[in-house]
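To start, the structure under review is shown below, and the notes come after it.
Rule-based calculations on the coordinates, nothing more; no lab input. Here the structure is a predicted model, which means the values were calculated and not measured. Here the Cβ positions follow ideal geometry from the backbone for every residue, glycine too, while neighbour counts run over all protein chains shown.
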Amino acid sequence: MNKNAPVRGTKDYLPKEMAIREKVKSIILKTYKSFGYMQIGTPVLEDIDNLLGSDGGDNLKLIYKVLKRGEKLDLTKPNLTERDIVDIGLKYDQTVPLVRMFANNQSELPNPFKSIQIDYSFRADRPQLGRARQFTQCDIDILGDATSNAEIDIINTTAKTYSALGFKEILAKINDRRILADLIKFVGFQESEEKEICICLDKLDKIGIDGVCSEMQEKGFDTNKTKLLMEIVSQIKSADQNYKTVLLNHGVRAEVVQSVDYIINSVNQLATNGFKAVFDISIVRGQNYYTGMVYEFYLPGLSGACGGGGRYDKMVEKMTGQSVPAVGYGLGFEPTCLLVMENNLISVNEKSVAVLYKEEQSIVDVLKFIQSVNKDCNYSAIKQKKNLSHQLEILKQNGYTHYCFFPGKDNIDKIQINELN
């Protein structure tokens, strides 16, 4: 094992890649702000009770838990349990910290509150393409709006953000947890079984209808009810644009179907640059805190979603006892950056000049020159190496666009800036 390599599931970013990531982040932030969202920050550490009590579904199994410290960590205690030695954890998404922050500062925030969070999240996941253990999420949320306006605002803002990044084909797949709840009830399952069934249904895209059916049976769900539920799901998927009729014929409330249809039609009216929203019964979202509409965004070149979100009206109430409606979206920064770089959608046009000086020249003179020049670009004092061609190649690979040789303090007017080719 290479001890100098980053921990599996994490990554080092060299200057050129970091410049693109920061550019992507700045475009996301600018677009979010242009639609009235306000940036906040929350710690990476959260109380373990808040994390475990959040109905985060399978994500709760992926929490990085932090040992108690100092005198609080008593390993001599007999029959130790995890709760004896753990009191905090790393946040696995931005939603739980947002709700805690909102609950603690509600009187000082506007209502509804439109927030932005761009920060790291941590999950003890199996690393794969576009999925890491430490990753950046770019969240927008609206707290305090119970109407469909919040979903329309969130989905439209997200579509415009991907468009600003240069994507031309943007697909939002939309479903509603209330639809799933009504279908689960229609086939005869109990309400208490709904959360576990939704966790199974969330794997529809990965293992298919037969795979979900087998998993539900392995978990002990009634075979006949399971088969009937999967048959209905199959009918809905085959119905395409006639999905509303199938839903209504299988116990889904008319007002829920109308709400989904209204939101899809509304965001499609706002569509630009190839964006489209469609209904998809297979969109479930694994977190059990969702109470209404759920959605995921898909971009060409990536098999999975580039982010997802939905309505989570009960989470604030769980923490404060006060009912506050909430809806949000978590943009997957890592897969989005991956696609931006693969498709060369963004270039960093910053002019960076390496000012090369010799061993016998004074660094003070070089820095005085750099301080005196017009700062329309970046200048860096760098000692010239014997193998100049190799040095220039390394500088180019790391984002430098130009170079010059420092002529000495008495010949500043003779300096010549050359492009790195």
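Structure values in brief
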item	result
Restraint check, K168/K206; K160/K195; K358/K414; K351/K414, Cα-Cα greater than 24 Å	K168/K206; K160/K195
GluC sites (Glu not before Pro) lying in DSSP loop within segment 148-236, provided at most 16 other Cβ fall within 10 Å	E169
Ranking of R311, R8, R123 by count of other Cβ atoms within 10 Å, fewest first	R8, R123, R311
Over 25 Å (Cα to Cα) - which of K68/K219; K185/K219; K114/K173; K33/K203; K3/K25 fall in this group	K68/K219; K33/K203; K3/K25
Read-out mean projected area of the Cα convex hull in nm², derived from the coordinates shown; its label in (1) 23.3; (2) 28.2; (3) 54.2	(2)
Surrounding net charge for Y120, when Lys and Arg each add one and Asp and Glu each subtract one, Cβ distance under 13 Å	+1
R0 of 60 Å, Cβ-Cβ distance I412-E215: FRET efficiency to nearest 0.05	0.25
Alpha carbon centroid spacing (whole Å) that separates segment 176-223 from segment 1-42	36
A124 paired with K68, simple spin-label distance in nm, labels 7 Å along Cα-to-beta-carbon	1.9
Exposure proxy order (Cβ contacts within 10 Å, fewest to most) of R83, R177	R83, R177
Taking Y120, Y37 and counting other C-beta atoms within 10 Å, the order from fewest to most	Y120, Y37
GNM flexibility winner over the chain from E71, E108, E350 (Cα, springs under 10 Å)	E71
Charge context of G286, other residues only, Cβ under 14 angstrom, K/R +1, D/E -1	-2
